[in-house]
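Each remark here refers to the structure printed beneath this line.
The values are calculated or read from the model by the stated rules, or taken from the named source; none is laboratory data. None of these values were measured; they are calculated from a predicted model. Counting neighbours? That spans all protein chains shown, and the Cβs are built from the backbone with ideal geometry, glycine included.
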Amino acid sequence: MSGQPALLHAFIDESGQRAKTKASSDHFVMTAVVVADENLPKVAPLLAQIRKDVNRNPGDTLHWNQVKGHPQRLHIAQTLGTQEWLTISSVVVCKRHLTSGDPMDDDSAYLYTLRYLLERLSWLARDRGRELHYTLAHIVRFQIAKLREYEAKLKTDYGCQIAWKHLDPRGGRIDQPSRVEYLQLADAAASATATAFNSDNYGNTEDRYLRELSPRLYRRGLAPVTSYGLKMHPWNDTTKATYPWVAAL
């Protein structure tokens, strides 16, 4: 062996609008799907099988919002939920419960959410004695320079709980799901999670997809899943009463 630490890879995508406006989604969700280095070869056949199952063409970029109908979406969530070699961690920002002091323009909301997620990803890597590399799905008007600036800022923030020595010292990458197909897993997991919180045009939510993903959520000992696998922000008496089912996942 080269002596380099064994790697974990986190692929990150989001669902919902970042900023808080009257017309925006009530929640912003950011999700990471984590795969160990030795399990990366399992991703391509898994995605190929999912494409076949939901009547997509071989090699199609798999987008949740292009998969129509509950049965197909449920199948995707069920399939991911049974893959014991992947781990999922999400941050759900409950925007209508935030105070006026919380950052809510597009970039600051995105980065603040990423901070919470990176904390949990670094703890997972620390638990497993590995180094974690992370790739973000590209979003409009967000350049790598902004990510580098924020990473540098967090490293000087004494309140930040990221275990930096367990993250790639070069920082994260940004790429497209069409080029890095691993990101298609994150698209599915983020969107499946978001349907439990953001209502459709008829005011309905669907939490079954998230329940199917539940076995893959990052859990640490007896700690609640809301500490690691499904971070709710804010998580106070009001949001605990609004989402009582979350803690029971």
With the checklist (1) closer than 18 Å to Arg220 by Cβ; (2) assigned to a loop (DSSP other than H, G, I, E, B); (3) among the basic types (Lys, Arg) in hand, flag the one item Arg126 doesn't pass. (2)
Criterion violated by Arg148 - all others in (1) in a helix (DSSP H, G or I); (2) crowded, with 20+ Cβ neighbours inside 10 Å satisfied: (2)
Any residue at all in the stretch 163-186 that is touching a helix residue (DSSP H, G or I) at 6+ places or on another chain (Cβ under 6 Å), aromatic (Phe, Trp, Tyr), closer than 21 Å to Trp85 by Cα and surrounded by 15 or more Cβ atoms within 10 Å (Cβ to Cβ)? yes
Test: residue in the stretch 151-168 that is modelled with pLDDT under 95 and within 30 Å of Arg51 (Cα to Cα): no
Quick check: anything in the stretch 33-47 under 17 Å from the mean Cα position of the chain (by Cα) and at pLDDT below 95? no
Could you please find all residues in the stretch 38-66 being part of a loop (DSSP other than H, G, I, E, B) and under 15 Å from Ala186 (Cα atoms)? Thr61, Leu62, His63
In the stretch 11-31, what residues are within 12 Å of Ser90 (Cα to Cα) and acidic (Asp, Glu)? Asp13, Glu14
Quick check on this structure: which one of Arg148, Arg128, Arg141 is among the basic types (Lys, Arg) and in contact (Cβ under 8 Å) with a residue 60 or more places away in the chain? Arg128
Show me the helices (runs of 4 or more DSSP H) found entirely inside the stretch 172-249 where at least 1 residues are in contact (Cβ under 8 Å) with a residue 12 or more places away in the chain and of a type in the set (Gly, Ala, Ser). 183-194
Hey, could you check the stretch 118-156 for residues that are out of contact with any strand residue (DSSP E or B) (no Cβ under 8 Å at 6 or more places or on another chain) and basic (Lys, Arg) and say which is nearest to Arg173 (Cα to Cα)? Arg148
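Residue-by-condition table, conditions (1) surrounded by fewer than 20 Cβ atoms within 10 Å (Cβ to Cβ); (2) under 20 Å from Thr31 (Cα atoms); (3) out of contact with any Pro (no Cβ under 8 Å at 6 or more places or on another chain); (4) touching a residue at least 24 places away in the same chain (Cβ under 8 Å):
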residue: Leu47; (1), (2), (3), (4): no, yes, yes, yes
residue: Asn55; (1), (2), (3), (4): yes, no, yes, no
residue: Trp64; (1), (2), (3), (4): no, yes, yes, yes
residue: Gln72; (1), (2), (3), (4): yes, no, yes, no
residue: Ala77; (1), (2), (3), (4): no, yes, yes, yes
residue: Trp85; (1), (2), (3), (4): yes, yes, yes, yes
residue: Asp105; (1), (2), (3), (4): yes, yes, yes, yes
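Answer yes or no: is there a residue in the stretch 9-19 that is of a type outside the set (Asp, Glu) and more than 16 Å from the chain's Cα centre (by Cα).
If we filter the stretch 9-19 for residues that are of a type outside the set (Asp, Glu), which is where we start, we get 9-12, 15-19.
Pick out the ones that are also more than 16 Å from the chain's Cα centre (by Cα) and you get 19.
Looking through the stretch 9-19, at least one residue is of a type outside the set (Asp, Glu) and more than 16 Å from the chain's Cα centre (by Cα).
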